[in-house]
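Here's the structure we're looking at; comments come further down.
The values are calculated or read from the model by the stated rules, or taken from the named source; none is laboratory data. If you're wondering where the values come from, they're calculated on a predicted model, not measured in any experiment. Virtual Cβ from ideal backbone geometry, glycine too; neighbours counted across all protein chains shown. We work out accessible area using only protein heavy atoms, side chains counted, and drop any ligands, DNA or RNA first. Shrake-Rupley method; radii C 1.70, N 1.55, O 1.52, S 1.80 Å.
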Amino acid sequence: MDIKELKKELLSSKKNGYDCLAEADLTAMEEYCKAYMAYLDAGKTERLCAAETVRMAEEKGFRPYVRGMELNCGDKVYVCNRGKGVMLAHIGKKSLSEGAQIAAAHIDSPRLDLKPNPLYEENELAYFKTHYYGGIRKYQWVTIPLELHGVVVLADGKSVPVNIGADAGDPKLVITDLLPHLGQEQSKKPLGQAFSGEILNILLGSRPIGDEEESGRVKLAVMKLLHDKYGIKEDDFTSAELEVVPAVNATEIGLDRSMIGAYGHDDRVCAYAALKALLDLEETPEKTAVCILADKEEIGSDGVTGMQSAAFDTFMEDLCESQQVPVRACFEKAFCLSADVTAAFDPDFSDVYEKKNAAYLNYGIGLCKYTGARGKSGASDANAETVAYVRGLLEKNHITWQIAELGKVDAGGGGTVAMYMANRNIATLDAGVPVLSMHAPFEVVAKLDCYETYRGMKAVYQG
Ligand code: MN
Ligand code: MN
């Protein structure tokens, strides 16, 4: 046998997605990414993202599920979990006793939350105190324009939506940093220690009101502005969820426009793919297709809106009950693609990656057999059968895919919702879009990988 043929026959030959995709796919990819960028801009927090998700689902004929509702093949329903997560189902031709095809992603992203007593004045400048949410590199959040979103819930239960910085003409917020001229001591500190969580304070104002003998006039002026706009008082911060996020919209990156830069790709890039694929299913799927967009992944998936919450089990139990199927029978035959981003190989930091097992931009949806740290701890570690199933599915549908680990052995690690699905006795595999600068205020993904992940999700739902 010719050596070239033998190589082709026996050795792996993963290709750049641009060498595989047809012209028509590239056009569809651009259209898909444009809509994805709009989704990002509309949903910079889990609440806004959930609201946008519901809006899109209703537009495509999904109805809010009410317990006891009769469900038939082809029905499309959703449940919004406390405004912060969404679960959707397209009832399939087969009984739920045959399982379900599930995609799970998360719609919360690393950010800065306001503390319960956030407002203060120092040297006639007003600030909000923050407590960071998720794994951030604190130095990345200073000296960039920020905006604030969330709700203040009054003692009578009335919910007041807050938005500062996102509307046209709105002022932005910022966290200041030391000037280099006076930064000599700070510069000697290790990166992880140079910025403490307690300096991530949001600059709000500098203009006092009232007589000069009075103290706290800048804080009062800010509180008055908030009261004028939202009708809130200082004590109302107690029952609020106010989130500070980067004040930047999604934008194309590179002279060739092949990438997208934005806040919150992790994990809205997979959430959008999972959602859009479900909404775009032309035919009723064989098995029931389920999409769950969860909150709280970035802090461990605990809590009532996280993937560990019984909210998901309740949703699935309700669906199963409508067909007199025990949910455990559905779960043991179900498959879940835990759709979350993975680290893209970065040539500038090549020493933390193992090149043979890294995910690369433009090489398609990245499968991860396991995540975790220190010898796969905290990982679901999918079995070979599950990986084979997904690999077969992707190959059958001509989807560009790769398989990777998150960095070198012992370089660090991470987790996803995969183990919480797998712990429910659902065969689960991690897969998602490779991201550069993951968890930064501005992350980068490749358009091709976004589109291939969407196509992969469609293949999963179709089974
Ligand atoms: Mn994630
Ligand atoms: Mn993350």
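The charge dipole of the range 1-62, taken about its Cα centre with unit charges on the Cβ of Lys, Arg, Asp and Glu (plus for the first two, minus for the last two), comes to roughly 260 debye.
Would you rank 348, 108 by solvent-accessible area, highest first, keeping every protein chain in place and using a 1.4 Å probe? Let's see the in-between values first.
Working: 348 130, 108 0 Å².
The most accessible residue leads, giving 348, 108.
Taking every C-alpha pair closer than 8 Å and separated by at least 6 residues, the mean separation divided by the residue count of the range 67-169 gives a relative contact order of 14 percent.
Take residue 401: with every protein chain present and a 1.4 Å probe, its accessible area is about 30 Å². With the simple spin-label model, which puts each label point 7 Å out from Cα in the Cβ direction, the residue 284 to residue 170 separation comes to 4.3 nm. Using 0.36 nm per residue and subtracting the Cα-Cα separation, the extra length available between residue 156 and residue 391 on full extension is 79.3 nm. Average accessible surface for the chain: 47 Å² per residue, computed with a 1.4 Å probe over protein heavy atoms with every protein chain in place.
Projecting the Cα atoms of 264, 203, 250 onto the charge dipole of the range 181-270, computed from C-beta unit charges around the Cα centre, puts 250 farthest toward the positive end.
With a cut-off of 11 Å, note down the residues of the range 155-178 whose backbone N falls inside the zone around a label point 7 Å from the Cα of residue 229 toward its beta carbon. It comes to 162-173, nothing else.
The residues packed around residue 369, meaning those with a beta-carbon under 11 Å from its beta-carbon, carry a net charge of -1 if Lys and Arg are +1 and Asp and Glu are -1. Ranked by the mean number of other Cβ atoms within 10 Å of their residues, highest first, the peptides 409-419, 252-262 come out as 409-419, 252-262.
Roughly speaking, what is the centre-to-centre gap between the range 181-196 and the range 333-373 when only Cα atoms are used, to the nearest Å? First find each Cα centre; the distance between them is then 32 Å.
Take every Cα pair under 8 Å whose residues are at least 6 apart in sequence, average their separation, divide by the length of the range 1-143, and the relative contact order is 14 percent. Packing-based ranking of 64-76, 197-209 yields 197-209, 64-76, ordered from highest to lowest mean Cβ neighbour count within 10 Å.
Placing dummy labels 7 Å off each Cα toward the beta-carbon, the span from residue 304 to residue 251 is 4.0 nm. Only lysines eight or more places from residue 229 in sequence, or on another chain, were considered; those with a Cα closer than 29 Å are 44, 84, 115, 129, 158, 172, 219.
Roll a 1.4 angstrom probe over the protein heavy atoms and tell me the percent of accessible area of the chain that is carbon or sulfur. So the carbon and sulfur contribution to the accessible surface is 51 percent. Summing charges over neighbours of residue 448, with a neighbour being any other residue whose Cβ is under 11 Å away from its Cβ, gives -3 when K and R count +1 and D and E count -1. Within the same chain, lysines fewer than 8 places from residue 7 are excluded, and of the rest, those with a Cα less than 23 Å from its Cα are 15, 355, 356, 396. For the chain, the Kirkwood estimate of hydrodynamic radius, built from reciprocal distances between every pair of different alpha carbons, is 23.5 Å.
Under 12 Å of direct C-alpha separation, and excluding same-chain neighbours fewer than eight residues apart, residue 138 reaches these aspartates and glutamates: 177, 198. The range 238-379 gives an Rg/Rh value of 1.00, both radii derived from C-alpha positions and Rh following Kirkwood.
Residue 95 contributes about 40 Å² of solvent-accessible surface, heavy atoms of the protein only, 1.4 Å probe. Ordering 279-287, 291-299, 15-23 by mean Cβ neighbour count within 10 Å, with the highest value first, yields 291-299, 279-287, 15-23.
Per the helix-only calculation at 222 nm, which mean residue ellipticity applies to the chain, given -39500 (n - 2.57) for every DSSP H run of n ≥ 4 and division by its residues, nearest 500 deg cm²/dmol? Don't skip to the end; give the middle numbers.
Numbers: 12 runs with 133 residues, N = 463.
Theoretical 222 nm ellipticity from helices: -8500 deg cm²/dmol.
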